[in-house]
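Inspection log for the structure reproduced underneath, given as C-alpha cells.
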Amino acid sequence: MTSHKPPLSIVHGEARTYPVLPLRDLVVFPHWVVPLFAGREKSVRALKEAMKRDTPIMLVTQKNPADDAPAPDVVYETGTLARVLQLGELPDDCVKVLVEGLERARVQKYTDRADCHEATVVALAETDAKSFEAETLARSVVSNFKAYVEQSESISPEVVHVVQAITDLGKLADLVASYLPIRIADRQGILETLSVTARLEKVLNLCADSGRAIENARD
C-alpha cells in the first residue's frame, strides 16, 4: 500500500531536522503502512507538526518500552523516516495515525527543543542490492518463508504470493522479517543492516529459526 500524495524529498546523506516519535515494542520498516496510537504529549505534538508541515517524522524504537519519557541515550539511533498519511484525534487526548515508512535513517543529534522530540537526521542508502549473492539469497528466503507459512497457522498463504512478486530485494527482506515472530532487537538489527546481502542472510537465518521453533513446539 502506498500514499497517493506526491513523494517527499529525502536525499541520502543529507542532514535535516525532523520531529521524532519514539515507539514502544515496534520497529517500522520502509515501505510499511502502519497504524499507530500516541498519547504522550511530545509524541502528539511531533505527529501534528509532521502532518501540518507535510514533512517526514523520524520513527525510532525505545530500548525500554516501559519508559514514559525516553531520553536520547535509551532510544535506538537508527530508525525510519515516515510520512503521516492520516491523523485523527481521540476523546482521551490521544491520536490515531497512519504512517508510511519511507527511508532508513540515523539520528545525528537531538535539538534542545522542549515541546517535542526533534533531531538532526541523515537518510541512509542501501548497498549491494543488485549483487549475484543477494539474488541467490533472496530465492532461499522466499523458499524458506513459503515453508514457514505452510507450517504456521497465523499467516495467510496469500502473503507468499505477495512476497514472490517483490523484485526489490531490500524490500523483500524487510517484508519477510515483518511477518516473523522475532524479538524487537532482531527487527532493529534488520533495520540497521544497510547491506541488502547481509540483511537477506540475517532474515534467512531468522526464518529458519522460526520454522524450527514451530517444529519443536509440536514435538
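The values are calculated or read from the model by the stated rules, or taken from the named source; none is laboratory data. Keep in mind the model is a prediction, meaning the values are calculated, not measured. Neighbour counts are summed over all protein chains in view; Cβ atoms, including those assigned to glycine, are modelled from backbone coordinates with ideal geometry.
In region 101-119, the residue that is surrounded by the most Cβ atoms within 10 Å (Cβ to Cβ) out of those that are part of a strand (DSSP E or B) and in contact with a helix residue (DSSP H, G or I) (Cβ under 7 Å, 6 or more places away or on another chain) is ARG104. Would you mind stating whether ALA125 is modelled with pLDDT of 95 or more and assigned to a loop (DSSP other than H, G, I, E, B)? Judged against the criteria, ALA125 is a match. The set of residues in region 177-217 that are farther than 17 Å from GLU133 by Cβ, under 18 Å from the mean Cα position of the chain (by Cα) and among the aliphatic types (A, V, I, L, M) comprises ALA177, LEU180, ILE182, ILE184, ALA185, ILE190, LEU191, LEU206. Is there a residue being among the polar types (S, T, N, Q), assigned to a helix (DSSP H, G or I), touching a Gly at 6+ places or on another chain (Cβ under 7 Å) and over 20 Å from GLU14 (Cβ atoms) anywhere in region 130-142? No, because not a single residue in region 130-142 is among the polar types (S, T, N, Q), assigned to a helix (DSSP H, G or I), touching a Gly at 6+ places or on another chain (Cβ under 7 Å) and over 20 Å from GLU14 (Cβ atoms).
Out of curiosity, is ALA38 touching a residue at least 12 places away in the same chain (Cβ under 8 Å) and farther than 29 Å from ASP168 by Cα? Against the criterion (touching a residue at least 12 places away in the same chain (Cβ under 8 Å) and farther than 29 Å from ASP168 by Cα), ALA38 qualifies.
In contact with a Lys or Arg (Cβ under 8 Å, 6 or more places away or on another chain) and either under 26 Å from VAL11 (Cα atoms) or not assigned by TED's automatic domain parsing to the domain that holds THR55 (or both) - does that describe any residue in region 152-160? Yes, some residue in region 152-160 is in contact with a Lys or Arg (Cβ under 8 Å, 6 or more places away or on another chain) and either under 26 Å from VAL11 (Cα atoms) or not assigned by TED's automatic domain parsing to the domain that holds THR55 (or both). Considered as a group, the residues in region 163-188 that are assigned to a helix (DSSP H, G or I) and without any contact (Cβ under 8 Å) to a residue 24 or more places away in the chain include one that is farthest from VAL34 (Cα to Cα), and that residue is GLN164. Residues that are of a type in the set (Gly, Ala, Ser), surrounded by fewer than 18 Cβ atoms within 10 Å (Cβ to Cβ) and touching a strand residue (DSSP E or B) at 6+ places or on another chain (Cβ under 7 Å) are absent from region 47-63 altogether.
Any residue in region 199-209 that is among the aliphatic types (A, V, I, L, M), under 13 Å from VAL141 (Cβ atoms) and in contact with a Lys or Arg (Cβ under 6 Å, 6 or more places away or on another chain)? No - not one qualifying residue is present in region 199-209. Please tell me if ALA177 is assigned by TED's automatic domain parsing to the domain that holds VAL44, surrounded by 17 or more Cβ atoms within 10 Å (Cβ to Cβ) and of a type in the set (A, V, I, L, M). No. Among the residues of region 146-162, those identified as part of a helix (DSSP H, G or I) and within 18 Å of ALA217 (Cα to Cα) are ALA147, TYR148, VAL149, GLU150, GLN151.
Given the condition over 30 Å from ALA217 (Cβ atoms) and of a type in the set (Val, Ile, Thr), answer yes or no: does some residue in region 102-116 qualify? Yes, region 102-116 contains a residue that is over 30 Å from ALA217 (Cβ atoms) and of a type in the set (Val, Ile, Thr). Filtered by the rule that a residue be closer than 16 Å to LEU169 by Cβ and assigned to a helix (DSSP H, G or I), region 189-204 gives ILE190, LEU191, VAL196, THR197, ALA198, ARG199, LEU200, GLU201, LYS202, VAL203, LEU204.
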